[in-house]
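Chemist: After the structure tokens below, expect a handful of questions from me.
The values are calculated or read from the model by the stated rules, or taken from the named source; none is laboratory data. Computed from a predicted structure; not experimentally measured. Neighbour counts are summed over all protein chains in view; Cβ atoms, including those assigned to glycine, are modelled from backbone coordinates with ideal geometry.
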Amino acid sequence: MTPEEKVAKLREELNYHLYRYHVLDSPVISDGEYDKLYHELVALEAEHPHLLTPDSPTQRAGAEPLDGFEKVEHAAPILSLQNAFNAEDLFAWRKRIGRHLPDPDAKLDYVVEPKLDGLTVVLTYENGLLVQGATRGNGSVGEGILQNLRTIPAIPQRIPVDPQSSLVPPTTAVIRGEVFFPLDKFEKFNASRLAQGEAVYMNPRNAAAGSLRQLDSSITAERPLTIYCYDFIAWEGGEIPDKQWDRLEYLRQLGFPVSDDNVYGATLQDVANSYEDWIDKRNRINYEVDGLVVKINDRPLADDLGFVGKDPRGSVAMKFPAQEKTTKLLELQVNVGRTGILAPNAVLEPVELGGVIVRNATLHNFEEIERKDIRIGDTVIIKRAGDVIPYVIGPVVDLRNGTETPIKPPEKCPFCDEPVVHIPGEVAVYCDNPTCPEQLVRRVEYFVGRSAMDIDNFGSQTGALLLEQNLIEDMADIYFLNRDELLALEGFKEKKVDNLLAGIEASKQQSPDRFLTALGIRFVGNVVASLLIDELGGVEQISTASQETLEAIEGIGPQTAVSVVNWFQNEKNQQLVAKFKQAGLQFEPQDDGSEAEGSDIFNGLVFVITGTLPSLSRDEAKALIVANGGKVTGSVSKKTNYLLAGEKAGSKLTKAENLGVPVISEPELFSMIQ
């Protein structure tokens, strides 16, 4: 088989498996098998650069940054819709369009689709190849964002994606869809940004729009965007079904993601019933919708009805009751998280919103408050979408009467009265006091958790109770608990107490990198902790290291270095570490003889690990590499010998490919060792 044939076959297979995974949610091969095919293609394209094409699955990680977006003229107008707000409006719409039908009382059927609250995009395919992608823009001209759209795994690079399919797509197909942020991934994405001191997005729609309008598509590639497609705007050289319901199925067969929440309505009353069902359902799905789109199923008939202004008569948007309300911001409440971030929350005049009474809403951060000029006493607009915590959109400035009070970031923590810390370049304001009572419950919960000290029989409720009963005042006190005092607690029988104390005693043997992780220093997770221990030898060496020493370590940036230095220079943290040492925790790596089970096959080689591996955790993968003589760092550079990549590898994979660093999968790692 020639290289050209091998590349074509691999691309066909990979596109098909992406379709099975991201669209059908029904993979037929393991992640490891996919990785093997993917890296085989990467190697072939590196060996034969002239075979690299924009539609290759390897190009989804993003391309070179753009200077700006080109203007793209749409093949047909990308129109908006007239609105209806209840069943009465719906039937009035049907009566209006009846005047334009040969028989005003003709029997019509309908398709009901969720009105997705994302960003409308237009995809253009020629001979099955994705050649253009654009935003809706003004309906006639949009912005060309093809590079960014290519990074979304759910968007086919070629159609049909199933190599066994007998379907023949149109020679030219212009398809309309909506790119959006799934709600569960949006919450995790915002939580991650907040933990890093970065500005958060106000809602999933803004996050989707902001992600797609990045000039650097590698940033878009790191965002968990997806898409639902729902219409053909234009086509040539093929037969598109006349019924909207059949068009949706045809799109699905071609390989495009289509919402499973679309509904067929045999009568207008069926549509009205669907609307009532959706009022409740909207808060139980994993994406934001602000209404339903009702379309006449007979598309040629719908098109013949023409327009009212710029709104097509053949469809209508049924808007849901508003999930935005106005209310008074009565006072500011500040909460403190595990990492010490001071999070401002609004205490509101109670208001019914989305079926619940809302009394509190998040204000995200103090920089956002200043930017929007939100004040205590303001009438504010709040929004609640799905199960997302209500948040303040902004103030209604015209309703101010002069009694409103500007909100300033606190200078001291409201719970421990210690001065707050604001690191230059970060959005967040922190309390750095390790004994702050408001932080302790969450700090203890994190300390004993699986990713840290992993103390058996020690749950979050146990930690909260011990703090409440003043049996512990900081995390180190866990190792000095008194058995008799524990037995005096309600519900703590002898067996429970013995199991708890045994779990605490066993945790003293946890590795120093786990202990360092458990301390909860900002920007120091498992990978960074392991890197610091490997480079500097132990916790005490890290505690006295300068910023310059830390930054000199491959994979440690200035932000992390400053955070580590500041944490260990804090007098109360020094006292805390001294108590841990007194308790007998491991401050330096112990020689347990495990090296004997390995080899020196990786001697002198530097690895970086990224993504989710099929069977190994990152700690396990690192231990395997180290046991065989290798070294694991946190970031890719010219000194990196191999990138071990799993699913959703992200920007490290892109950087490795740009630098020519070999990329291996977990099975390939095992093969190298064997």
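Chemist: How about the range 144-177: which of its residues are charged (D, E, K, R), modelled with pLDDT of 90 or more and farther than 16 Å from A234 by Cα? Even if it seems obvious, please write down each step before you answer.
Modeler: So in the range 144-177, the residues charged (D, E, K, R) come out as 150, 158, 162, 176.
Right, trim to modelled with pLDDT of 90 or more and you get 150, 176.
Selection gives R150 alone.
Listed here are the residues, each with its yes/no results for (1) in contact with a helix residue (DSSP H, G or I) (Cβ under 9 Å, 6 or more places away or on another chain); (2) at pLDDT below 85.
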{"site": "T2", "(1), (2)": "no, no"}
{"site": "R20", "(1), (2)": "no, yes"}
{"site": "V28", "(1), (2)": "yes, yes"}
{"site": "H50", "(1), (2)": "no, yes"}
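Chemist: If G291 meets every condition in (1) surrounded by fewer than 19 Cβ atoms within 10 Å (Cβ to Cβ); (2) of a type outside the set (V, I, T); (3) in the same structural domain as R247 (by TED's automatic domain parsing); (4) not in a loop (DSSP other than H, G, I, E, B) apart from one, which number is that one?
Modeler: (1)
Chemist: Being under 20 Å from G291 (Cα atoms) and in contact with a Cys (Cβ under 6 Å, 6 or more places away or on another chain) is the filter here, so list the residues in the range 175-225 that pass it.
Modeler: G177, the sole residue that qualifies.
Chemist: Free of Cβ contacts under 8 Å to residues at least 40 places away in the same chain and either closer than 30 Å to L465 by Cβ or in the same structural domain as P558 (by TED's automatic domain parsing) (or both): is that true of C416 in this structure?
Modeler: Numbers: free of Cβ contacts under 8 Å to residues at least 40 places away in the same chain: yes; either closer than 30 Å to L465 by Cβ or in the same structural domain as P558 (by TED's automatic domain parsing) (or both): yes.
Yes, satisfied.
Chemist: Given (1) part of a helix (DSSP H, G or I); (2) under 22 Å from G394 (Cβ atoms); (3) touching a helix residue (DSSP H, G or I) at 6+ places or on another chain (Cβ under 7 Å), where does T220 come up short, assuming only one miss?
Modeler: (2)
Chemist: Which condition from (1) under 31 Å from the mean Cα position of the chain (by Cα); (2) free of Cβ contacts under 8 Å to residues at least 12 places away in the same chain is the one that D303 breaks?
Modeler: In the conditions (1) under 31 Å from the mean Cα position of the chain (by Cα); (2) free of Cβ contacts under 8 Å to residues at least 12 places away in the same chain, D303 misses (1) alone.
Chemist: Can you find, within the range 335-358, the residue that is modelled with the lowest pLDDT among those that are part of a strand (DSSP E or B) and out of contact with any Leu (no Cβ under 9 Å at 6 or more places or on another chain)?
Modeler: Among those residues, the one meeting the criterion is V356.
Chemist: Related question: Determine the pairs where a residue that is more than 21 Å from Q82 (Cα to Cα), located within the range 273-298, has a partner that is aromatic (F, W, Y) and crowded, with 22+ Cβ neighbours inside 10 Å with Cβ atoms under 6 Å apart, the partner being 6 or more residues away or on another chain.
Modeler: Pairs that qualify, where the first residue is more than 21 Å from Q82 (Cα to Cα) and the partner is aromatic (F, W, Y) and crowded, with 22+ Cβ neighbours inside 10 Å, are Y287/F180.
Chemist: Let me confirm something: among I159, I175, I155, which residue is in contact (Cβ under 8 Å) with a residue 24 or more places away in the chain, of a type in the set (A, V, I, L, M), touching a strand residue (DSSP E or B) at 6+ places or on another chain (Cβ under 7 Å) and over 27 Å from I285 (Cα atoms)? Outline the logic, then answer.
Modeler: Values: I175 fails: over 27 Å from I285 (Cα atoms); I155 fails: over 27 Å from I285 (Cα atoms).
After applying the criteria, what remains is I159.
Chemist: Next question, about the same structure. Those residues that are farther than 12 Å from A452 by Cβ and part of a loop (DSSP other than H, G, I, E, B), I need them from the range 495-553; list them, please.
Modeler: Once the filter is applied, which keeps residues that are farther than 12 Å from A452 by Cβ and part of a loop (DSSP other than H, G, I, E, B), the range 495-553 yields K508, Q509, R522, F523, G537, G538, T544, A545, S546, A552, I553.
Chemist: Can you tell me which residues in the range 243-280 are charged (D, E, K, R), within 20 Å of Y125 (Cα to Cα) and in contact with a strand residue (DSSP E or B) (Cβ under 7 Å, 6 or more places away or on another chain)?
Modeler: R247
Chemist: On to the next question. Which residue out of E178, E88, E113, E187 is in the same structural domain as K243 (by TED's automatic domain parsing) and farther than 25 Å from P312 by Cβ? Walk me through how you get there before you give the answer.
Modeler: Working: E178 fails: farther than 25 Å from P312 by Cβ; E88 fails: farther than 25 Å from P312 by Cβ; E113 fails: farther than 25 Å from P312 by Cβ.
It is E187.
Chemist: Pick out the one residue from Q575, Q674 that is closer than 30 Å to Y479 by Cβ, of a type in the set (S, T, N, Q) and out of contact with any Asp or Glu (no Cβ under 6 Å at 6 or more places or on another chain). Quick ask: steps written out before the conclusion?
Modeler: Values: Q674 fails: closer than 30 Å to Y479 by Cβ.
Result of the check over Q575, Q674: Q575.
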